[in-house]
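Before any comments, here is the structure.
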Amino acid sequence: MKSLLITLFFLTNTTCTDSTTVYICNSPGAKKYHNSPKCRGLSNCTYRVISIDIEKAKKDGKTLCGWEK
Ligand SMILES: [Zn+2]
């Protein structure tokens, strides 16, 4: 019974891990990352929108876009 609960916990946890991928405008001046590739903060991006790991984005000094939350 206990192992079942642990399995459930892990299953619930893995469904939440998609939030570690964020989207950025691949422009040299981009300072923000976005939770959604359809964010309005990305709509005026003239470069390619790419997905990267959130830790990588933070390491590059990027912060969460003002339209999110
Ligand atoms: Zn955004």
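The values are calculated or read from the model by the stated rules, or taken from the named source; none is laboratory data. The structure displayed is predicted, hence computed values, not measured ones. Please note: Cβ atoms are built from the backbone with ideal geometry, for glycine as well, and neighbour counts cover all protein chains shown.
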- Message: Pairs needed: first member in segment 40-69, within 15 Å of the ligand (Cβ to nearest atom); second member anywhere, in a loop (DSSP other than H, G, I, E, B) and aromatic (Phe, Trp, Tyr); C-beta distance under 8 Å; at least 6 residues apart or different chains.
- Response: Arg40/Trp67; Gly41/Trp67
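Of the residues that sit in segment 1-28 and are of a type in the set (Gly, Ala, Ser) and modelled with pLDDT under 90, which one is farthest from the ligand (Cβ to nearest atom)?
Ranking the qualifying residues of segment 1-28, first place goes to Ser3.
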